[in-house]
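Reading through the structure tokens given below for one structure.
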Amino acid sequence: MIIEPRMRGFICLTAHPTGAEQNVKNQIEYVKSKGEIAGAKKVLVIGASTGFGLASRITSAFGSGASTIGVFFEKPPVEGKTASPGWYNSAAFEKEAHKAGLYAKSINGDAFSNEIKRETLDLIKADLGQVDLVIYSLASPVRTNPNTGVTHRSVLKPIGQTFTNKTVDFHTGKVSDVSIAPANEEDIENTVAVMGGEDWAMWIEALKAENLLAEGATTVAYSYIGPALTEAVYRKGTIGRAKDHLEATAFTIGDSLKSIGGKAYVSVNKALVTQASSAIPVIPLYISLLYKIMKEEGIHEGCIEQIQRLFQDRLYTGSEVPVDEKGRIRIDDWEMREDVQEKVAKLWLEATTETLPEIGDLAGYRNDFLNLFGFEVPGVDYNADTNEVVEIESIK
């Protein structure tokens with residue numbers, strides 16, 4: 001079939017297997033070009049199919065020669081209907097890993113559930129014995145707590161008062177004001193239940209209880225802080241409360257891992273185009289201005305550049321991992337540079353539908369968004385007949 005992007009709001013309903021494969025190959029080549037990383041050799045990535053999780057799996061495998069197990073929840077293809085992009089990414093990753101002689105297996109299902117945790121633990125036990133790195137990179141709007149059976153839904157809301165500011169429809173380029181009503185306590189609790197650290201802690205407890213964490217094992221979860229411009233809707237909103245919980249959980253997990261010489265970190269990453277970030281009002285406009293400046297400064301990074309630098313320059317240098325006053329790894333350092341943020345704040349005041357094409361990088365934003373779904377990847381013939389039914393080798 002000829003596969004084209006079909007949009008609904010901030011979601012693309014189709015994905016392109018050849019584009020996804022090329023995207024994964026490009027990331028692999030980038031990691032290989034940066035040289036070997038003295039990193040972990042047996043890696044579990046929870047949320048491994050897109051964004052930072054996929055980049056972590058690629059960096060572990062092709063930077064450190066690691067065996068990897070990836071857990072994700074993706075929609076497989078059926079004849080006449082494409083899979084979700086993460087399915088195609090994971091199929092491409094496994095194909096390339098096996099070609100390179102690397103162990104790679106995947107588990108598709110709800111990572112919040114006890115059943116998928118059990119399946120993952122059994123696979124580690126059977127094939128790897130133990131893991132020395134656990135990456136936690138889940139991005140889901142909904143979580144059913146496996147112990148209570150309660151389903152929680154996260155919301156993107158400010159706390160305390162209505163938030164009004166500029167945003168952009170990245171499809172049309174129209175800049176407008178958006179107002180978001182404040183969250184109530186139930187909203188906050190639900191968002192923390194979905195996006196906080198409870199499930200991360202459950203994973204680590206389960207692994208540790210069955211002696212599946214190697215001596216000195218590290219676990220890393222991903223977070224974001226961002227600038228004053230976005231803090232009302234992000235860091236000081238419901239998501240921020242969840243991130244606070246996630247970051248507090250790192251200390252709890254770290255204490256638990258002391259008995260095996262292990263460490264737990266939260267890495268604060270750069271603002272990037274993801275399916276999740278595209279859904280947050282204000283963020284697309286901020287990112288389009290940020291990208292323009294960071295590209296001009298020569299310090300722009302996508303997911304793979306960010307994670308490769310995290311592994312090479314922070315996690316696996318052979319010395320103590322540098323952290324901020326709250327114990328967090330700051331790989332958002334280039335984004336948060338004072339000169340960069342001053343320029344963004346200035347452009348923000350100037351941003352209108354008319355000025356944005358000149359002062360921002362909306363084209364770059366759109367391109368990165370389409371890339372997430374395997375579209376607009378250089379070197380791919382999108383007019384070619386494409387087989388949408390692609391299997392992941394380890395999933396039968």
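The values are calculated or read from the model by the stated rules, or taken from the named source; none is laboratory data. Everything numeric here is computed off the predicted structure, so don't read it as measured data. Glycine also receives a Cβ, built like all others from the backbone with ideal geometry; neighbour counts cover every protein chain displayed. Note: areas computed on protein heavy atoms with side chains; ligands, DNA, RNA excluded. Shrake-Rupley method; radii C 1.70, N 1.55, O 1.52, S 1.80 Å.
Some notes on this structure:
- Stokes-Einstein diffusion coefficient of the stretch 1-125, Kirkwood radius over Cα pairs, 4 °C, 1.567 mPa s, in µm²/s: 86
- Placed amide H near ALA139: partners under 5 Å, 5+ positions off or other chain: none
- In the complete set of protein chains, residue-level accessible area for HIS245 is approximately 70 Å², probe 1.4 angstrom.
- Distance between modelled label sites at VAL323 and THR353, nm, 7 Å Cα→Cβ extension: 4.8
- Probe 1.4 Å, protein heavy atoms only - accessible area per residue of the chain in square angstrom: 42
- At R0 = 22 Å, FRET efficiency that the Cβ-Cβ distance of THR151 and ALA279 yields, to 0.05: 0.70
- Annotation for ASN211 and ASP244: the two label points, set 7 Å from Cα along the Cα-Cβ direction, are 4.1 nm apart.
- In range of the label at ASN26: residues from the stretch 282-303 whose backbone nitrogen is under 13 Å from the point 7 Å along Cα→Cβ: 302-303
- Net charge of Cβ neighbours under 15 Å - reference VAL282; Lys, Arg +1; Asp, Glu -1: +2
- Note on LYS105: lysines with a C-alpha under 20 Å away, same-chain residues under 8 apart excluded, are LYS25, LYS41, LYS42, LYS75, LYS95, LYS117, LYS125, LYS396.
- The stretch between LYS396 and THR252, if pulled fully straight at 0.36 nm per residue, gains 48.1 nm over its current Cα-Cα span.
- Computed about its Cα centre, the charge dipole of the stretch 169-309 is approximately 460 debye, with only Lys, Arg, Asp and Glu carrying charge at their Cβ.
- About the Cα centre, charge dipole magnitude for the stretch 88-232 (Lys/Arg +1, Asp/Glu -1 at Cβ), debye: 400
- Inter-centroid distance (Cα atoms) of the stretch 121-198 relative to the stretch 346-371, Å: 26
- With all protein chains in place and a 1.4 Å probe, the accessible surface of the stretch 43-133 carries 52 percent carbon and sulfur.
- Whole-Hz ³J(HN,Hα) from phi, Karplus 6.51 cos²θ - 1.76 cosθ + 1.60, for the stretch 199-214, glycine and proline x: 5, 3, 4, 4, 4, 5, 4, 5, 5, 5, 4, 9, 6, 9, 9, 5
- Treating each Cα of the stretch 51-201 as an identical point scatterer and summing with the Debye formula, the log10 of I(q)/I(0) at q = 0.11, 0.15, 0.17 Å⁻¹ comes to -0.61, -0.97, -1.10.
- With the cut-off at under 17 Å, measuring from each backbone N in the stretch 59-87 to a point 7 Å along the Cα-to-Cβ line of ILE11 picks out 73-78, 81-87.
- With the biggest extent put first, the Cα atoms of the stretch 312-387 measure 51, 41, 17 Å across the principal axes.
- When the helices of the chain are scored as -39500 (n - 2.57) per DSSP H run of n ≥ 4 and the total is divided over every residue, the value at 222 nm lands at -12000 deg cm²/dmol.
- Here the simple spin-label model places points 7 Å from the Cα toward Cβ, and for MET336 and LYS263 these points are separated by 1.8 nm.
- Rounded to the nearest 20 debye, the dipole size of the chain about its Cα centre is 360 debye, using +1 on the Cβ of Lys and Arg and -1 on the Cβ of Asp and Glu.
- Between the stretch 1-35 and the stretch 211-235, the alpha-carbon center distance in angstrom: 25
- In whole percents, the pair-distance distribution calculated for the stretch 208-277 from its alpha-carbon pairs, binned every 5 Å from zero, is 4, 15, 22, 19, 14, 10, 10, 5, 1.
- A full extension of the chain between LYS75 and LYS236 corresponds to an added length of 54.7 nm, given 0.36 nm per residue minus the alpha carbon distance.
- Mean-position separation - Cα centroids, the stretch 105-119 and the stretch 308-331, in angstrom: 29
- Listed by chain and number, the lysines placed with their C-alpha closer than 19 angstrom to that of LYS157 are LYS166, LYS236, LYS243; residues fewer than eight positions away on the same chain are left out.
- Heavy-atom accessible surface of the stretch 141-182: percent carbon and sulfur, 1.4 Å: 51
- Nonpolar atom fraction for the stretch 251-396, defined as the carbon and sulfur part of the 1.4 Å probe accessible area, stands at 53 percent.
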